[in-house]
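Worksheet: one structure, shown below.
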Amino acid sequence: MTEDYQNTRVVAKKTLALIEERGIRPTPHNYAIWFEYLQEANPDLTRAVNELMAKNGKYSEKMGIELFNRFFTRDREGRIIQETNRLVQKSMDNVMGDLKRTTADFSSYGEQLNNFAVNAEGMSQQDLQNMIDEIVDQTNSMSDNSSQLQNGLDNASREIADLKRRLQYVQKEAYTDSLTGIPNRKSFDTVLSKEVATAREKQSGLCLVMADIDHFKQFNDLHGHTFGDQVIKLVANTLAKGIEKNATAARYGGEEFSVILPAIDLADAVNTANDLRMAIAAKKLVERSTKKDVGRITMSFGVTTYAHPEDSMAFINRADQALYSAKKAGRNCVKHLQPSTV
């Protein structure tokens, strides 16, 4: 028994014991998260689990789904892409095989036609008739082969088109938050990296908004996680509808959201954040089962502008600092923070 195998067994036992001790549902998702956590092989996952546990006090199913989508779906995406590549290669191999066979048949057919042209003059009528019959048979065969090749190409085209749609669906799924339907953290990272590169290249404006639902834990504690999910959906929908087409609203994690605002200055970005804040505060919350009015949602917003040529992480950290200032100021407000270099 190797040392690696022994270590894996130890971690597996610890994982099962931890899940049982904390009353966590023993699902594959939860097992994968806590096995990886106890293995200490993924510092990003470890940090995310610690932060969420410190913030929420205990592990929840919602937290598990969020962690799994963030850290494990990329493996699934990679497997699907690998399988799709294999199927595309198989389809192409089939077409190439048909093409090679048809090419060989065409070559043989050409040789026969050439022999006929060379020898026709000295042939007897019977030999000439036999040769013509053979050429007719070969021509019909070539026609069949051409049809088979065309069918093969048509089938390959359909297969590849289906595989392309499959990849597009997988990509969309990987970059979309499953609860709200807006871009997820992975999409946020990708878009922000692209917009930062554009801002550097064009020396253009770029602003970032980080926002957090105020006292969200109270919604869950008082009305349950299902109601909390509805609140998150409402916020996501309001943010997405309240921004320009070139902007991106994403669910950053839990009850935290982000908005990327390209080609805009800080003053306009603060105005946009205030518009979003007021649009959300105007929403009336009603519990569906009881029809009871349960108040309104408020959010805190932090806004900053990009400072050339900083990296994305410094940009995000400064927006987070502005968000913290908004919370410290009593929540339900917008605070902005200028880069120290501006």
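Read-outs throughout are calculated quantities, based only on the coordinates presented, and are distinct from any laboratory measurement. Here the structure is a predicted model, which means the values were calculated and not measured. All Cβ positions, glycine included, derive from the backbone under ideal geometry; neighbour counts span all protein chains shown.
Table for the structure above
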{"item": "Relative packing of 225-236, 204-215, which averages over residues the other C-beta atoms within 10 Å, highest first", "result": "204-215, 225-236"}
{"item": "Estimated vicinal HN-Hα couplings, Hz - segment 275-280 in sequence order (Karplus 6.51, -1.76, 1.60; Gly, Pro = x)", "result": "4, 5, 4, 5, 5, 6"}
{"item": "Amide H partners (placed H, <5 Å) of I264, local residues excluded", "result": "G205, L206, C207"}
{"item": "Packing-based ranking, highest mean first, of 24-33, 186-195 given that Cβ atoms within 10 Å are counted", "result": "186-195, 24-33"}
{"item": "Cα gyration tensor shape of segment 3-71, rounded if a/c is under 1.5, else prolate or oblate by comparing a/b with b/c", "result": "prolate"}
{"item": "Charge dipole of segment 185-337 about the Cα centre (unit charges at C-beta), most positive-ward option of V196, N220, V286", "result": "V286"}
{"item": "Ranked list, fewest to most other Cβ atoms within 10 Å of each Cβ, for V294, V303, V11", "result": "V294, V11, V303"}
{"item": "Phi-based couplings in Hz for segment 194-199 (Karplus 6.51, -1.76, 1.60; Gly and Pro marked x)", "result": "5, 5, 5, 4, 5, 4"}
{"item": "Charged-residue dipole, Cβ positions (Lys, Arg, Asp, Glu), segment 3-71 about Cα centre, Debye nearest 20", "result": "260"}
{"item": "Three-way shape label, segment 239-285, alpha-carbon gyration tensor, a/c 1.5", "result": "oblate"}
{"item": "From phi via Karplus (6.51, -1.76, 1.60), per-residue ³J(HN,Hα) for segment 213-219 in Hz, x at Gly/Pro", "result": "5, 6, 6, 5, 4, 5, 4"}
{"item": "Segment 185-337 - charge dipole about Cα centre, Lys and Arg +1 at Cβ, Asp and Glu -1, debye rounded to 20", "result": "500"}
